[in-house]
Each structure stands twice: as structure tokens, then as C-alpha cells.
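As C-alpha cells, the structure follows; a few thoughts come after it.
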Amino acid sequence: MCVKLKPEKKKPEKKKIDFPRFSELNSNNVLRDLQIHTNWTDGESSVKDLLEQADRVGLKEIGFTEHARHNSTYYPEFFDEIDFYAEKFPNLVAYKGFEVKIKSANGCLDMSNKMRDAAELVLGSVHSMIDKPSGRRVHPKEMDLAVAVATETDLSLGLIENGGADVLSHPGGMSLRFHGEFPFANFDLLLSRIKHTTMAFELNYAYHSRIMPHLLELVAKHDPFVSIGSDVHNVHDMG
């Protein structure tokens, strides 16, 4: 007796994100949040609940950017779950991707080529830092302010030059979070470099809200491509 094989389910084509320059932001392309975390890693809410809330508050595009490393294996199932539930929200575009750390001063990211090929959106972030004398990775709070700022700036510039991500995520965020400061001169330097690339500079509510007015002045001055993200970890912060 022959076994009737089920036709293989066709995978959706990868969606391409259009990042506007800051001067091109308008009431249509600002209704997006491209940094969202779920309970697949350190978030508290499910893919389904976050999609429902995004639709409820009127967002048009969201990006699921789960934390990952080069040896992560969970993401095929995670992406399948996004595809399954996203079909139920025809007015909302959901992108599948990762937030991965910058692991060296030359901008290399902690991800595999297979992950890069699968993702529609890759955020490159400074998380842990490199202690130059020892070469070991350290938490930003273990450094003093000046060293943390210099290290975060170097790692970010490496990513901008290497071009391995779609977005430079929460620029200056580690120095801001653990030391309360990332000098505007350093933001100005990052913006002066990134504006000549196709990489987007992320405006992130969770990290930048306290400095946003002054930061926006610098962003307007350089007019890079921009990405909007809030670092959502639960439905209550969505929108």
C-alpha cells in the first residue's frame, strides 16, 4: 500500500523592512515597534498576546527580535509560531528576527550565517563588553563610566563599519542604564558614521526616553535611517 505524502507547507517569503530616514517619518511609518521580546526568552508575554495588543493599539508593523546566540536552536519553531498567529491579523505586519550582541571591536555579531539567512530583522546590540587588558567579557557595571563609554562606542562603530545588522540597537544603552550617561558627543560620532550606511539608528523608548529631546536634535542634524523600538517585554508596555 502506498503512503500518500502530505504536500510540504510552503514557507512564507521573507519580508523586507523599509527604514525611513528621520526626515521622512510620518503618521504612517511611525506606527511600528521593531524591538519586541516574548516568553520564548526573557519576555513575559506570548506571541499571540503581543500581536493582539499591537493590533488593539493601532500599530501597523512590529518586529519580534528575540535574544539569540550563534548556537541558538529554538528559532525555527519560534518563527513558525509567529507565522501561524500573524495570519490572523491582516492589518498588521509582523517581522521575524533577533537581537544579538556585538562580540568584538570589528563589529562581528554573535550569530550564525544560518540565522542571518532566516531572519527578516537583525538588531545588533552592545550588552556585555570587552576588557581590553585581559580580553575577557565583563558586565558594563564592572567598568567605570569613561571605560564603559569608550568600549560601547568602539563596539558600535565596529558594527557600523562591518554592516552585519539591519539596526544599531539602543545606542549608548549600556552606559545609560548602568552609569546614567552616554555623552552626546559620542552619539554625534555614531550618527555621523551611520548616516552614510543603510543601517538604521534605533530610537528606543526604554533606553532613550530621558534624553530623547536632545537626542532627536542630533538625529535630525544627521538624518540617518531610523528604527523605532520600545524593548517591549510584556503586553502592558506595547504601544
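The values are calculated or read from the model by the stated rules, or taken from the named source; none is laboratory data. Predicted model, so just to flag it, every value in this text is computed and none were measured. Counting neighbours? That spans all protein chains shown, and the Cβs are built from the backbone with ideal geometry, glycine included. Heavy atoms of the whole protein, side chains included, go into the accessibility calculation; ligands, DNA and RNA do not. Shrake-Rupley method; radii C 1.70, N 1.55, O 1.52, S 1.80 Å.
Report the calculated FRET efficiency for PHE84 and LEU216 (r = Cβ-Cβ distance, R0 = 45 Å), to the nearest 0.05. Please report the intermediate quantities before stating the final value.
On the way: r = 37 Å, r/R0 = 0.83.
Taking R0 as 45 Å, the efficiency between PHE84 and LEU216 is 0.75.
Using a 1.4 angstrom probe on heavy atoms only, work out the carbon and sulfur share of the accessible area of the range 109-199 in %. Don't jump to the answer; show the numbers that get you there.
Working: 1900 of 3780 Å².
For the range 109-199, the apolar C and S fraction of the accessible surface comes to 50 percent.
Based on alpha-carbon centroids, what's the gap between the range 85-104 and the range 147-164 in Å, whole number please?
24 Å
Taking amide hydrogens as modeled 1.01 Å from N in the peptide plane, which residues meet the under 5 Å criterion relative to ILE36, leaving out close sequence neighbours?
So ILE36 has HN proximity to GLY63, THR65.
Can you give me the accessible area per residue for the range 175-224, using a 1.4 Å probe, in Å²?
Value returned for the range 175-224: 47 Å² of accessible area per residue.
In debye, nearest 20, what is the charge dipole magnitude of the chain about its Cα centre with +1 on Lys and Arg Cβ and -1 on Asp and Glu Cβ, if you could check?
Numbers: 29 positive and 35 negative charges, 127 e Å.
In total the dipole reaches around 620 debye.
Which ³J(HN,Hα) values, rounded to whole Hz and listed in residue order, are derived for the range 172-179 from phi using the Karplus coefficients 6.51, -1.76 and 1.60 in 6.51 cos²θ - 1.76 cosθ + 1.60 with θ = phi - 60°, glycine and proline given as x?
x, x, 6, 5, 5, 6, 9, 10
Out of every Cα pair in the chain, what percent are spaced more than 25 Å from each other? Before the final figure, lay out each step's value.
On the way: 11810 of 28441 pairs.
Cα-Cα pairs of the chain separated by over 25 Å account for 42 percent.
Given Cβ point charges of +1 (Lys, Arg) and -1 (Asp, Glu) and nothing else, what value in debye, to the nearest 20, does the dipole of the range 105-218 about its Cα centre take?
The calculation lands at about 160 debye.
For the chain, with the dipole built from +1 on Lys and Arg beta-carbon atoms and -1 on Asp and Glu ones, taken about the Cα centre, which of TYR74, THR38, LEU145 lies farthest toward the positive end?
TYR74
Need one number: the % of Cα-Cα pairs in the range 110-165 sitting beyond the 15 Å mark. Show your work: numbers first, answer last.
Working: 832 of 1540 pairs.
Everything past 15 Å amounts to 54 percent.
Work out from phi, with θ = phi - 60° and the Karplus expression 6.51 cos²θ - 1.76 cosθ + 1.60, the ³J(HN,Hα) of each residue of the range 230-239, listed in order in whole Hz, and give x for Gly and Pro.
10, 6, 4, 10, 7, 5, 5, 8, 5, x
At 222 nm, what helix-only mean residue ellipticity would the chain give, in deg cm²/dmol to the nearest 500, using -39500 (n - 2.57) for each DSSP H run of four or more?
Numbers: 8 runs with 79 residues, N = 239.
That calculation yields -9500 deg cm²/dmol at 222 nm.
May I ask you to give the solvent-accessible area per residue for the range 114-158, in square angstrom, as obtained with a 1.4 angstrom probe? It would help to have the intermediate numbers written out before the result.
Values: 1980 Å² over 45 residues.
About 44 Å² of surface per residue is accessible.
Over the chain, calculate the relative contact order: mean separation of alpha carbon pairs under 8 Å at least 6 apart, over the residue count, as a percent. Please report the intermediate quantities before stating the final value.
Numbers: 434 pairs, mean separation 55.8, N = 239.
23 percent.
Computed over the Cα atoms, what is the radius of gyration of the range 52-125 divided by 2.2 N^0.38 Å, N being its residue count?
1.21
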